[in-house]
Structures are given as C-alpha cells and as structure tokens.
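The values are calculated or read from the model by the stated rules, or taken from the named source; none is laboratory data. Note that this is a predicted model, so its numbers are computed, not measured. No Cβ is skipped: glycine too gets one built from the backbone with ideal geometry, and neighbour counts run over all protein chains shown. Just the protein is used for accessible areas: all its heavy atoms, side chains included, with ligands, DNA and RNA removed. Shrake-Rupley method; radii C 1.70, N 1.55, O 1.52, S 1.80 Å.
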Amino acid sequence: CFKHFPVRGHSHAVPTSIASLAAAQQGRFWQIHDELYRSAPRLDEEHIVACARGAGVPDMDRWQRDRGNAQLRALIETDKLEGLRNGVAGTPTLFINAKQYLGRNDEAELRDRIEEERDIVAGRL
C-alpha cells in the first residue's frame, strides 16, 4: 500500500498528495502518481492539473472540488504520523512484511526480498 509522507523541504509535497487522493476518489491514484513523478520537479499548480488530465481523471470539476476536502488533508496527516511512529525519516521508505527495507531500490533486489518474506510467512524458511 502507499502511505503519504510529505517532507517539509518539498513545497509541493502536500499539494501533490492531495491531488493524488482526489484522483483516487475516481480510481486514478496510480495513474496520477506516475504522472506526478514524471513531471517532477515541475509541480506547480499548472503541472499538477496537467498531471490529473494526463492520468485520465474522468471528472476534472469533481477532482478540483475534492482537492478542497478536509478529510483528504486529515488522511495525509494520519499517514505522516504513522510514518513518524514507524521510524520513517524520508521518502521513499519501504516496508516489506512490516519490516523496514534498507536494501537497494532496484527491481531484482526488491523482488528477492519480497519472495524471501513470502517464504518466511509460508514456513519455507
């Protein structure tokens, strides 16, 4: 799952988190997530709106309204506090099977670690 952890030094972290949660209301979270990462560091309002369009958010008027929803900001704050309680200091931070992953962030290494955790859970290790 994805948890929001807007870092203070990133002025667009909260607006992009809100934009992604508003897109999630229409089933487009991962699409806007990917668009925002591709657009970085250009994440001003104009680019955030362009990312929502590029993500295929079907109802842009609703998306704009949802961005003002205080519940979305509260969810982001809850995610951030959860991260702080779990030792998250920055992004990206990964947890696999409730254990903070500190290895390389390449696909082969991550796949190996996930499979290893799956084997532990299944009692094969």
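Here the dipole of the chain is about 280 debye; that uses its Cα centre as origin and unit charges on the Cβ of Lys and Arg (positive) and Asp and Glu (negative).
Inverting the mean 1/r over all pairs of different Cα atoms, compute the Kirkwood radius of the chain and quote it in Å. Averaging 1/r across every pair of different Cα atoms and inverting gives 16.0 Å.
Per-peptide packing, taken as the mean over residues of other Cβ atoms within 10 Å, places 12-24, 88-100 in the sequence 12-24, 88-100 from highest down. Compared with the direct C-alpha span, the chain from Leu84 to Glu109 gains 6.5 nm at full extension, assuming 0.36 nm per residue.
Annotation for the range 1-83: trypsin sites (Lys or Arg not before Pro) lying in DSSP loop with at most 15 further Cβ atoms inside 10 Å of their Cβ are Arg8, Arg42.
Give me the number: length gained by fully extending Arg62 to Val7, i.e. 0.36 nm times residue separation minus the C-alpha to C-alpha distance, one decimal in nm.
Values: separation 55, 0.36 × 55 = 19.80 nm, distance 2.69 nm.
Once the chain is fully extended between Arg62 and Val7, it gains 17.1 nm.
With all protein chains kept in place, the per residue accessible area of the chain amounts to 66 square angstrom at a probe of 1.4 angstrom. Atom-type composition of the exposed protein surface of the chain places 51 percent of the accessible area on carbon and sulfur (1.4 angstrom probe). For the range 1-46, the set of chymotrypsin sites (Phe, Trp or Tyr not before Pro) satisfying both a DSSP loop assignment and a count of at most 16 other C-beta atoms within 10 Å is given as Phe2.
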